[in-house]
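The values are calculated or read from the model by the stated rules, or taken from the named source; none is laboratory data. Remember, predicted model here, so these are calculated numbers, not experimental data. In this analysis, Cβ positions are derived from the backbone assuming ideal geometry, glycine residues included, and neighbour counts consider all displayed protein chains. All accessible areas refer to the heavy atoms of the entire protein, side chains included, with ligands and DNA or RNA removed. Shrake-Rupley method; radii C 1.70, N 1.55, O 1.52, S 1.80 Å.
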Amino acid sequence: MELRVLKYFLTVAQEENISHAAELLHVTQPTLSRQLAELEDELGVKLFLRGNRHITLTEPGILLRRRAEEVLTLIDKIEHEIRAQDGPIGGTISIGTAESAATEILPSFLRAFSQKYPRVSYELFTGNADIIKERIDKGLLDIGLLTEPVEVSRYACLRLQEKDRWGILAPTDSPLAQKSAVTMEDLKDVPLMLPRRREVQENLSKWFGLNQEALKIFGVYNLIGNATQLVAHGLCYALALECSVSRYEIASVCFRPLSPEQYTTSVLVRKRHQPSNEAVKRFIHEITMFSGNS
């Protein structure tokens, strides 16, 4: 399977039209159609459902699209890193960020770092810890900024100074919103959204000595944005970090800390024994000092 053909496939998948894709790729439509047919023959599956005006991906096509995007992203990253070995420090640093207090330091840190290394550019990806670690494993991300608890045994891990406070996101007209802090007893009989991460749910039990079975679980969320909307409509409460909640300014919701207070720290993770370009090495060194870990 040639990279050129993967690029052809992705362009057709994005355009949903062979004629439009052929124009963008500067090839003839028959040539493009033949390449796609040969790709389907090579893989032994049908990748497209062809309609009168649009084509859509089959399930194998959707899978190939996802993997092809990962492959081409990695190839592009490798090319940039190799070229950046000579001359001034440059290249692209790919950073995965969760909804973490550590992201609050990024703007000021990147301002100083960019002034020092103006040839460096950045690729930011937002997701939960599991997604970010998966992309680090695949080589698609250089580093991740995550919140604990997180299983990082497979990674080089640097604990940063930034901390964040756990609490409850509540409708402003709800009984819990009238409290200055919320206890586990307050949460026993209310519909509650929890973070999807297993480590967080396990820590919930440890914090309060209570099994999840004692709670009325409304659901789980990946990132807090969608859960915020459910809270705003009075459907539930959500266990969340104060930093992540502060990004969504909705007048009908408020944050109340847990009692006793519970904090989580931020960590910078990268794949162990993974060769890094000079820009990534400098980034890790300087963010360590910037965060007060020198």
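Put simply, the convex hull of the Cα atoms in the chain casts, on average, a shadow of 20.0 nm².
Ordered by solvent-accessible area of protein heavy atoms (1.4 Å probe), largest first, the residues 246, 180, 114 come out as 180, 246, 114.
The largest-to-smallest principal axis extents of the Cα set in region 101-185 are 52, 31, 21 Å.
Computed over region 218-257, the range of Cα coordinates on each principal axis works out to 22, 19, 17 Å, biggest value leading.
When 78, 224 are compared by accessible surface with a 1.4 Å probe, the order from highest to lowest is 78, 224. When its C-alpha radius of gyration is set against 2.2 N^0.38 Å (N residues), region 175-294 gives a value of 1.32.
In region 221-286, which trypsin sites (Lys or Arg not before Pro) fall in coil by DSSP and have 14 or fewer other Cβ atoms within 10 Å? Before the final figure, lay out the partial values.
Values: sites: 247, 270, 271, 272, 281, 282; in loops: 247, 272.
Answer by residue number: 247, 272.
Each helix, a run of at least 4 DSSP H residues, gives -39500 (n - 2.57); summed and divided by the residues of the chain, these come to -12500 deg cm²/dmol at 222 nm. Each listed q (0.09, 0.15 Å⁻¹) maps to a log10 I(q)/I(0) for region 111-257, found by the Debye formula over equal Cα scatterers with no solvent: -0.34, -0.85. For the residues 283, 48, 109, a GNM of the chain with alpha-carbon springs under 10 Å puts the largest fluctuation on 48.
With a 1.4 Å probe rolled over the protein heavy atoms of all chains, the accessible area of 173, 164 falls in the order 173, 164, largest first. Under the combined filter of DSSP loop state and at most 16 neighbouring Cβ atoms within 10 Å, region 1-105 retains these GluC sites (Glu not before Pro): 2, 16.
Relative contact order for the chain: 21 percent, from Cα pairs under 8 Å spaced at least 6 residues apart, divided by residue count.
Which of the residue pairs 7/133; 77/281; 77/138; 77/271 have a Cα-Cα distance greater than 19 Å in the structure shown?
7/133
Computed with a 1.4 Å probe over protein heavy atoms only, the accessible surface of the chain comes to 52 Å² per residue.
Going through the DSSP H helices of the chain, which span 24 Å or more along their own axis at the Cα atoms while scoring at least -1.0 as a mean Kyte-Doolittle hydropathy?
Correct list, ordered by number: 59-83.
Among residues other than residue 2 with Cβ under 12 Å from its Cβ, the summed charge is 0 (Lys and Arg +1, Asp and Glu -1).
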